[in-house]
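K.L.:
First the structure, which I've put down as structure tokens, then a few questions once you've had a look.
The values are calculated or read from the model by the stated rules, or taken from the named source; none is laboratory data. Bear in mind that the values here come from a model prediction, so they are computed numbers and not experimental data. For neighbour counting, all protein chains shown are included, and Cβ atoms are generated from backbone atoms with ideal geometry for every residue, glycine included. Just the protein is used for accessible areas: all its heavy atoms, side chains included, with ligands, DNA and RNA removed. Shrake-Rupley method; radii C 1.70, N 1.55, O 1.52, S 1.80 Å.
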Amino acid sequence: ICFQDATVISHLMALLSRSRYTQEYICQIFSHCCKGPDHQTILFNHGAVQNIAHLLVSTSYKVRMQALKCFSVLAFENPQVSMTLVNVSVDGELLPQIFVKMLQRDKPIEMQLTSAKCLTSMCRAGAIRTDDSCIVLKTLPCLVRMCSKERLLEERVEGAETLAYLIETDVELQRIASITDHLIVMLADYFKYPSSVSAITDIKRLDHDLKHAHELRQAAFKLYASLGANDEDIRKKIIETENMMDRIVNGLSESSIKVRLAAVRCLHSLSRSVQQLRTSFQDHAVWKPLMKVLQNAPNEILVVASSTLCNLLLEFSPSKEPILESGAIELLCSLTQSENLALRVNGIWALMNMAFQAEQKIKSDILRGLSTEQLFQLLSDSDVNVLMKTLGLLRNLLSTRPHIDHIMSTHGKQIMQAVTLILEGEHNIEVKEQTLCILANIADGTSAKELIMTNDDILQKIKYYMSHSNAKLQLAAMFCISNLIWNEEEGSQERQDKLRDMGIVDILHKLSQSSDPNLCDKAKTALQQYLA
């Protein structure tokens, strides 16, 4: 209601100076009513920062506390506010220094936590550097303290969630947090509520524990996900914490959607480890509950779960086989048709990983599952990421000779159409390079070669790219030519003659004089095929 009429905000701002009661209550109204960036902007534009800053040094604890809460709400995920706060001073002291004083151990817990949230928001917005001592030596240790057994359950939830946000994108902070106060072991305790002891002694306590048990698990998963986002040793420590994999697997099927999402995030973070994919992930058959999560989850969960599946489908992952047997191809093909971009990318990415060094049957199943229409749909997707992953999939499908010949005998016409389409389109260098590499793979087939040799349009395009201004594209075009003229193969003489008539040999002579050593070598090797 507060925000529907801007005059209300102006009026409340004007009342701030009346008494310490108006100060306390108006700050409370602002922090309770402020939901999201639009509200933050309205308050900011009405001079909230300037009007509330001096309340942080009020003689009344309640006013200081409500002003602090107001700043934590204003600055949350808001770079504009955070960047402003850094330069505001009260009585000659900058706000970050005031916040740091407020998170000292002798201050009330609620004050420590709230000022840590303010500094966290400022750090995430880039207003304070991640290696600033107020973050490394003050904010981070304060938040770790909030996770300890001594704290109330709600404080432990808030501490862990804020810390997860603080360290989410910074490797150095992740490393420091992981070795502060045995945090990784301390978090394992978050899974022990409600405890059997409290059940016997105190019904009220049990009720309270039950209420917070979900939140505690969610917070612990989130913090584990942030801790393990980049560092292999930290992931190992997390997985070696008591029953950790079982806890994550259980988390995947919890009734609370928030806990499920946090558990999937945690699993995704840990799935970036090659070592863990080969060991713990295998021992706990993680793919089973993951496939179940993927059946009918909301998009938010689907995006993270499908990213995790991408990692489980890498060639060195032992989970690859059983995942295939449990209907993954169908599931992933349907993801590629999603309206949601992240899901399309993940679906096609997972198929690309699945096709890498796969047996012919899997490759055929993928092509059947996708259908030619869908393949063309993906190749004309407006997002370059989808396009690149689709080309990556094609390249993986068209590898090893028998597979190339088999796929080109069934889908040759459509694939050549797709290649032509992309080479003629307005695409970046990477896309064209990937497409020429697919052509080079086709040129490596035995019978598949003919699809290129009988297609003058494609041959002219290869010739064009041999003289392109970009060396990457020239090299990729040369791979096509080398595969077509290779001597020991049947029909090489006719192919060489046809390409000579097209002027390819003249271009090779020119390229053999190139200053680029790669181009020069490749051209000389190709010319030797003509001499042999």
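K.L.:
If you place +1 on the Cβ of every Lys and Arg, -1 on the Cβ of every Asp and Glu, and leave all else neutral, what size is the dipole of the chain about its Cα centre, to the nearest 20 Debye?
P.N.:
Its charge dipole is roughly 1320 debye.
K.L.:
For the range 240-312, with all protein chains present and a 1.4 Å probe, just round the carbon and sulfur fraction of the accessible area to a whole percent.
P.N.:
44
K.L.:
Please compute the net charge surrounding GLN337, taking Lys and Arg as +1 and Asp and Glu as -1 over other residues with Cβ under 12 Å from its Cβ.
P.N.:
Spelling it out: positives minus negatives among the neighbours equals -3.
K.L.:
Under 18 Å Cα to Cα from LYS522, which lysines show up? Leave out anything in the same chain fewer than 8 places away.
P.N.:
LYS463, LYS472, LYS510
K.L.:
Name the residue farthest towards the positive end of the dipole of the chain from the options PRO79, GLN23, THR180, assuming +1 on Cβ of Lys and Arg, -1 on Cβ of Asp and Glu, about the Cα centre.
P.N.:
Checking the options against the dipole of the chain, the answer is GLN23.
K.L.:
Shifting gears a bit: For the chain, report the % of Cα-Cα distances exceeding 43 Å.
P.N.:
The answer is 39 percent, as a whole percent.
K.L.:
Quick one: which of LYS320/LYS461; LYS117/LYS288; LYS138/LYS237; LYS363/LYS498; LYS211/LYS292; LYS101/LYS149 span more than 31 angstrom between C-alpha atoms?
P.N.:
Long pairs (Cα-Cα over 31 Å): LYS320/LYS461; LYS117/LYS288; LYS363/LYS498.
K.L.:
While we're here: Report, in degrees rounded to the nearest 10, the 0 to 90 angle that the Cα long axis of helix 517-531 makes with the longest principal axis of the chain.
P.N.:
20
K.L.:
Here is a follow-up. With no solvent and one point on each alpha carbon, what is the Debye value of log10 I(q)/I(0) for the range 410-531 at q = 0.18, 0.21 Å⁻¹?
P.N.:
For the range 410-531, the Cα-only Debye profile gives -0.91, -1.24.
K.L.:
Here is a further query. Kindly identify the range 1-118 as rounded, prolate or oblate by the Cα gyration tensor criterion: order the square roots of the eigenvalues as a ≥ b ≥ c, call it rounded if a/c is under 1.5, otherwise compare a/b with b/c, prolate if a/b is larger, else oblate.
P.N.:
Taking the square roots of the gyration eigenvalues as a ≥ b ≥ c, the range 1-118 is prolate.
K.L.:
With a probe of 1.4 Å, find how much accessible area the range 1-118 has per residue, and write the answer as a whole number in Å².
P.N.:
So the range 1-118 comes to 50 Å² accessible per residue, rounded to a whole number.
K.L.:
Here is a further query. Which one, LEU379, LEU163, GLY251, projects farthest toward the positive side of the charge dipole computed for the chain from Cβ point charges (K/R +1, D/E -1)?
P.N.:
LEU163
K.L.:
With the dipole of the range 431-470 worked out from charges on the C-beta (+1 for Lys and Arg, -1 for Asp and Glu) around the Cα centre, which of TYR465, ALA440, MET453 lies farthest toward the positive end?
P.N.:
TYR465
K.L.:
Hey, what number do you get for the chain at 222 nm if only DSSP H runs of n ≥ 4 count, each worth -39500 (n - 2.57), divided across all residues, to the nearest 500?
P.N.:
-21500 deg cm²/dmol
K.L.:
Could you tell me the calculated FRET efficiency between SER19 and GLU110, based on Cβ-Cβ distance and R0 = 25 angstrom, to the nearest 0.05?
P.N.:
Efficiency at R0 = 25 Å is approximately 0.65.
K.L.:
Bins of 10 Å, beginning at zero and ending with the bin holding the largest distance: percent of Cα pairs per bin for the range 275-316, please.
P.N.:
28, 54, 18
K.L.:
Quick check for me: using +1 on Lys/Arg Cβ and -1 on Asp/Glu Cβ, what's the dipole size of the range 410-531 about its Cα centre, in debye to the nearest 20?
P.N.:
180
K.L.:
Moving on to the next point. For the range 65-197, what is the Kirkwood estimate of the hydrodynamic radius, computed as the reciprocal of the mean inverse distance between distinct Cα atoms, to one decimal in Å?
P.N.:
It is 15.0 Å.
K.L.:
Further, regarding this structure: So, how do all the Cα-to-Cα distances of the range 310-408 break down into 5 Å bins, in percent, from 0 on up?
P.N.:
All Cα pairs considered, the percentages come to 2, 14, 27, 26, 19, 9, 2, 0.
K.L.:
Quick one: angle between helix 61-75 and the longest Cα principal axis of the chain, in degrees between 0 and 90, rounded to 10, please.
P.N.:
10
K.L.:
Could you state the angle between the C-alpha long axis of helix 429-443 and the longest principal axis of the C-alpha atoms of the chain, as a value from 0 to 90 degrees rounded to the nearest 10?
P.N.:
It works out to around 40 degrees.
K.L.:
Quick one: how many Å² of PHE376 are accessible to a 1.4 Å probe, rounded to 10?
P.N.:
Taking all protein chains as shown, PHE376 has close to 60 Å².
K.L.:
Let me ask something else about it. In Å, what is the Rg of the alpha-carbon atoms in the range 200-278, and how long is Dmax?
P.N.:
Cα-based Rg and Dmax for the range 200-278 come out at 14.1, 46 Å.
K.L.:
Could you give me the percent of Cα pairs per 10 Å distance bin for the range 484-532, shortest bin first, beginning at zero and ending with the bin that holds the maximum distance?
P.N.:
Spelled out bin by bin, the range 484-532 gives 29, 52, 18, 1 percent.
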